[in-house]
Amino acid sequence: MKADVQERPETASAGHVVADRVIGDVVLAVDNVSLAFGGVKAITDVSFDIRKGEIRAIIGPNGAGKTSMLNVINGFYHPNQGTITFKGKKRSQMRPYIAASQGISRTFQNLALFKGMSTLDNIMAGRALKMRRGLLWQALHWGPALAEEIRHREAVEKIIDFLEIQHIRKAPVGKLPYGLQKRVELGRALAMEPELLLLDEPMAGMNLEEKKDMSRYILTVNDQFGTTVALIEHDMGVVMDISDRVVVLEYGRKIADGTPDEVQRDQRVIDAYLGISH
Amino acid sequence: MLYREAGQFKTSYAADMAIFPIRQDRIGVIALLVFAFVGIPLLAHFQLWPLGSDYFLRAILIPFLILSLAAIGVNILVGYCGQISLGSGAFMAIGAYSAYKFGTGVHIPLEFLGTEISIAPLPMIVSILLGGLMAAIVGILFGIPSLRIKGLYLAVATLAAQFFFDWVFLRVKWFTNYAPSGSVAAPDFYFFGYLVNSPIERYLLCLVFVTIFALIAKNLVRGNIGRQWMAIRDMDIAAELMGIRPLYAKLTAFAVSSFIVGVAGALWAFIYLGAWEPLAFSIDRSLQLLFMVIIGGLGSILGSFLGAAFILILPIFLDQVPHALGVPVTVETVSHLVFIVTGALICYLLIVEPHGFARLWSIAKEKLRLWPFPY
């Protein structure tokens, strides 16, 4: 498949100069996925794909199955039907840590930080997969184990710098304000150096300023590290501004898929959000 | 005034990751270690106060050290990994009896195969470490249910370990070398050919063990595996989605915890008790260790020491109070009073500071940094 080059639309730049971003091949394909909990159908026959390097938004009214979709993608839920293909490998049943080791990381709608640990430890925990030294070396905390620890600490400090959370490095995350906790959670997801970053409502409950910051972080991550981003968000302004393509779910079904402009003009989307007059 | 870190700049990550990043802490710990390794033996040797008799070493310091070690083990499992265990007494017993068997020679007759397994008596240090290893293996086995069940239900599952091993060591005579009374006596303790006998030597041996294992425990909990344990404790689903395998994290916590608890059990039997029966490692011991960890502070190595000191030393101390004040009460009444006061103090403490002594200590240090200014 030929990689096609897309220019980000002018409106999407959000005050930030965008070079030519290369949107590559399909990195993740969701084919005819259905998921039911007993009689409740959370997702019905949904297919879409995510291309390498793009920002892909999943939107929809409450209860549309967006978070379930993310949970399916990172292996936490097992779909009743359909397949997920990540990096060309079709996957059936899998454990979440395998998805993580393949390069999928995520943040959560309701914060899921490790509350008893400091910011630094939370982000360091994101690198658990990358640290290879065994128990005995760690018990000594010396030589190769110490070198490894320092190497990863350096990587984590870069993330801390990037997210501007140096001042809370040693603070226990449970006591931080909400906006900062969201940022720490993004940091923890970034520490895994993911190929695909799933963000579940990264801007929920934030004020305008915090939303701007968060948008900036997401755009920079996408731009500079080339990380593919899939995000769920309810703030339409943000979604339409920063995403390349949008998939719209309603009652577990896909009702639209396309660029923000296309989706905005789609009658079914308008109906889903505004209701239909009878 | 003295406790300020102003002017102490860290120029490397290694310095920032040190166990005691503040210089005053380092000086304090080194002073404490020197006192423990040199000062106390000297005081005891010259019979100076408060070590005029063996009593202080034998009845307070040695059990304090060994129970601290056990509490560190329990804290790794309960405090750091969040897996409640009521089977610590059983793991101490496994450590003790395994070390006893390795120390007196293992002999397993396998008549149906026409052969037998015989291992000559091993040196004591090796036996104790093997005792820890056996406890670790059993710990992993009894940790497997933790992959499916959590919280109080897991506590009940570990309780099964406690009752099972109480029964095993009481009924299976092989473990007690067929002693008719069911009570076993520890063999003489040689440390690289040197007989460890006097209280001072026993104390020093315990101290060496405790120092080494406390350091190892601290290294583990501040490293990658420690973060995995805490991640599982704080939010297991998020941990799994980030690539932390619950199987590995939980079972290593069980293994490391049981190993340390097993070593503590072997020391308890060999160094403190000398001769023991299964009752020494009953459910009471498990609960005592759990209380130590909760009162000392979950998820804190220092807390393990403080909790052990509180639970062990407070009753001994209270025992002396009426006598010292000259209040005429019978010995029986005193022992009842000790129970009442200890219980009340535990309740009070948990209300005032649910996070235990370790938190109190860090609050005190925080205040001390600013003292004499309010902020």
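The values are calculated or read from the model by the stated rules, or taken from the named source; none is laboratory data. Note that the structure is a prediction, hence the values are computed from the model and not measured. Positions of Cβ are generated from backbone atoms using ideal geometry, with glycine treated the same way; all protein chains shown enter the neighbour counts. SASA here: full protein model, heavy atoms, side chains in, ligands and nucleic acids out. Shrake-Rupley method; radii C 1.70, N 1.55, O 1.52, S 1.80 Å.
What the table shows:
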read-out	value
Hits in the range A:91-134 (condition: over 17 Å from the mean Cα position of the chain (by Cα) and polar (S, T, N, Q))	A:Ser92, A:Gln93, A:Ser118, A:Thr119, A:Asn122
The range B:271-290 residues that are closer than 20 Å to B:Val156 by Cα, paired with ones that are open to solvent by 20 Å² or more (accessible area, probe 1.4 Å) and of a type in the set (Phe, Trp, Tyr) (beta carbon under 9 Å, 6 or more apart)	B:Phe281/B:Phe165; B:Ile283/B:Phe163
Matching entry among B:Phe20, B:Phe56, B:Phe64, B:Phe35 (being within 14 Å of chain A (Cβ to nearest Cβ) and open to solvent by 30 Å² or more (accessible area, probe 1.4 Å))	B:Phe20
Top-ranked residue of the range B:296-333 - restricted to ones that are touching a Pro at 6+ places or on another chain (Cβ under 9 Å) and at pLDDT 85 or above, ranked as farthest from B:Ile84 (Cα to Cα)	B:Thr333
Residues of the range A:146-161 satisfying the condition of being more than 7 Å from every other protein chain (Cβ to nearest Cβ) and not acidic (Asp, Glu)	A:Ala147, A:Arg151, A:His152, A:Ala155, A:Val156, A:Lys158, A:Ile159, A:Ile160
Criterion (in contact (Cβ under 8 Å) with a residue 60 or more places away in the chain, in a helix (DSSP H, G or I) and under 18 Å from the mean Cα position of the chain (by Cα)) met by exactly one of B:Leu207, B:Leu154, B:Leu170	B:Leu207
Residue list for the range A:117-141, restricted to those being at the interface with chain B (Cβ under 8 Å from one of its Cβ atoms) and free of Cβ contacts under 8 Å to residues at least 12 places away in the same chain	A:Asp121, A:Ala128, A:Leu135, A:Gln138, A:Ala139, A:Leu140, A:His141
Among residues of the range A:85-101, those that are open to solvent by 50 Å² or more (accessible area, probe 1.4 Å) and either at pLDDT 90 or above or facing another protein chain (nearest Cβ under 9 Å) (or both), counted	4
Candidate set from the range A:103-116 (those that are open to solvent by 10 Å² or more (accessible area, probe 1.4 Å) and free of Cβ contacts under 8 Å to residues at least 60 places away in the same chain); member that is farthest from the other protein chains (Cβ to nearest Cβ)	A:Asn110
Meets criteria (within 14 Å of another protein chain (Cβ to nearest Cβ) and of a type in the set (A, V, I, L, M)) for B:Ile225	yes
Filtered residues of the range B:199-256 (kept if over 30 Å from B:Leu43 (Cα atoms), open to solvent by 20 Å² or more (accessible area, probe 1.4 Å) and basic (Lys, Arg))	B:Arg222, B:Arg233, B:Arg245
Some residue of the range A:188-204 being open to solvent by 20 Å² or more (accessible area, probe 1.4 Å), in a helix (DSSP H, G or I) and not assigned by TED's automatic domain parsing to the domain that holds A:Ile58	no
Listing of helices (runs of 4 or more DSSP H) fully contained in the range B:6-113 that carry 1 or more residues being basic (Lys, Arg)	B:23-34, B:88-104
